[in-house]
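One structure is given here, and the rest of the page talks about it.
What follows draws every value from the coordinates through simple rules; no lab data is involved. Values in this document were obtained by computation on a predicted structure and should not be read as measured data. With ideal geometry, Cβ positions are generated from the backbone for all residues, glycine too; neighbour counts draw on all protein chains shown.
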Amino acid sequence: MSELTPHSGPRYDVRIEPVDIGRWRAGNTGTDYVWSFEADRPGPHVMVNAVTHGNELCGVIAVDLLLREKVRPKRGRLTLSFANVEAYERFVPGDPTSSRYVEEDLNRVWSPEVLDGPRDSIELRRARALRPVVDTVDLMLDIHSMQHDGPALDLCGMPEKGRRLAAGTGVPEWVVSDRGHAAGRRLRDYGPFGETGNDRAALLIECGQHWQPETVDMAIQASFRFLLYLEAIEPAVAVDHLDAETPPTQRFVEVTEPVTIRNENFVFIGNYRGMEIVAKAGTAIGMDGDETVRTPYDDCVMVMPSQRLRQGLTAVRFGRLVG
Ligand SMILES: [Zn+2]
């Protein structure tokens with residue numbers, strides 16, 4: 001399934017097929033690939049968003065399913081969207097990593113300074129087109145996947161409301177509170193989602209490795225459970241899509257610090273896939289050039305070790321088990 005290549009760790013085969021979403025282009029909101037449905041009864045505006053990163057197929061398959069099955073809200077409003085379609089359309093199984101974005105990362109532009117600023121790119125144009133809808137969303141599930149085949153996890157931000165939303169949804173097992181990226185704000189952290197003092201919240205779910213069937217299963221499970229928890233859909237709508245088994249008890253982690261790569265060559269010491277718990281403080285987990293990177297405390301959780309080990313990027317995040 002995977003083989004070892006020097007420097008870059010395991011390489012993963014593409015075991016799922018991208019779906020053709022051309023039929024959803026028109027949308028019904030005035031924005032391509034954005035569909036929104038209103039119920040008669042009042043309720044929150046709930047959004048399930050896919051493919052913020054163009055090579056993350058699982059969310060596309062989940063949102064395509066929700067649209068094909070004509071899932072409609074029983075209260076409030078339900079928006080279903082495909083975010084970076086331009087990048088997704090460039091996905092090729094033979095080179096599956098290059099279509100993460102076209103010109104820049106769509107998940108690093110979600111601050112007013114950038115959105116209202118003078119810069120232009122394919123991704124910024126898309127973010128600006130999505131923004132009027134996002135501005136009215138109360139609760140969002142933004143579906144992603146990861147480079148490694150580590151366990152699925154929610155990134156729920158620092159405010160407590162994110163953790164509550166993750167707990168209510170019930171999957172995945174791991175829930176990680178973090179502050180986001182210095183390189184630019186994520187959709188998950190946009191506006192009120194990232195602030196305290198309001199009830200609007202967003203989850204970024206990392207469903208598993210980008211191109212594995214289990215990752216698609218998690219995207220579908222999480223989408224239906226999220227909508228059920230928020231009473232956005234009738235239970236009967238979800239029943240055929242839920243695992244019969246009770247999901248594992250969730251575990252909560254708070255990211256204390258990112259490990260930002262400072263030198264030209266970073267290598268991990270050990271084969272980390274994600275969510276390993278390193279028992280002893282001071283354990284060497286990587287070499288950043290000539291500098292040894294060590295865990296800062298006992299029972300340190302390795303959150304989302306990266307395969308893109310370039311200067312200035314995040315190699316891994318250190319986290320503490322909480323709650
Ligand atoms: Zn992503």
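Nearest 20 debye, what's the magnitude of the dipole of the chain about its Cα centre given +1 on Lys and Arg Cβ and -1 on Asp and Glu Cβ?
Taking the Cα centre of the chain as origin, the dipole is about 540 debye.
In a GNM of the chain with a 10 Å cut-off on Cα contacts, which of MET140, MET287, MET47 has the highest mean-square fluctuation?
Of MET140, MET287, MET47, the most mobile in the Gaussian network model is MET287.
If you take every DSSP beta bridge whose two residues both sit in the chain, what share of them, in percent to the nearest 5, is antiparallel?
Of the beta bridges lying entirely in the chain, close to 60 percent run antiparallel.
Could you calculate the FRET efficiency of ARG262 with ARG41 from 1/(1 + (r/R0)^6), where r is the beta carbon distance between them and R0 is 56 Å, rounded to 0.05?
Taking R0 as 56 Å, the efficiency between ARG262 and ARG41 is 0.55.
Give me the extension gain from ALA284 to ARG11: residue separation times 0.36 nm, minus the current Cα-Cα distance, reported in nm with one decimal.
Value of the extension gain: 95.9 nm.
Go ahead and set up a Gaussian network model of the chain, Cα springs under 10 Å, then flag whichever of PRO132, PRO73, PRO44 fluctuates most.
PRO132
With Cβ to Cβ distances under 9 Å as the rule, what net charge do the other residues near GLY162 carry (K, R +1; D, E -1)? Could the numbers behind the result be given before it?
Values: positive: LYS161, ARG163, ARG164, ARG188; negative: ASP154, GLU160.
Here the charged neighbours net out to +2.
Between LEU67 and THR29, what length in nm is gained on full extension when 0.36 nm per residue of separation is reduced by their alpha carbon distance?
Residue separation times 0.36 nm, minus the Cα-Cα distance, leaves 12.2 nm.
Only helical DSSP H runs with n ≥ 4 go in: add -39500 (n - 2.57) per run for the chain, normalise by residue count and round the 222 nm mean residue ellipticity to 500 deg cm²/dmol.
For the chain, the value works out to -5500 deg cm²/dmol.
For the chain, what is the convex hull volume of its Cα atoms per residue in Å³?
136 Å³
Assign unit charges at the C-beta atoms only (+1 for Lys and Arg, -1 for Asp and Glu), then state the dipole size of region 56-163 relative to its Cα centre in Debye, rounded to the nearest 20.
640 debye
Using unit Cβ charges (K, R positive; D, E negative) and no other charged atoms, how large, in debye to the nearest 20, is the dipole of region 250-296 about its Cα centre?
Details: 5 positive and 7 negative charges, 53 e Å.
Using Cβ point charges on Lys, Arg, Asp and Glu, region 250-296 gives about 260 debye.
Between the alpha-carbon centers of region 270-323 and region 189-247, tell me the distance in whole angstrom.
When both Cα centres are located, 27 Å separates them.
Among TYR272, GLN221, GLY117, which residue has its Cα positioned farthest towards the positive end of the charge dipole of the chain, with +1 placed on the Cβ of Lys and Arg, -1 on the Cβ of Asp and Glu, and the dipole taken about the Cα centre?
So the residue furthest toward the plus end is GLY117.
With springs connecting C-alpha atoms under 10 Å apart, model the chain as a Gaussian network and identify which of GLU257, GLU56, GLU123 has the largest mean-square fluctuation.
GLU257
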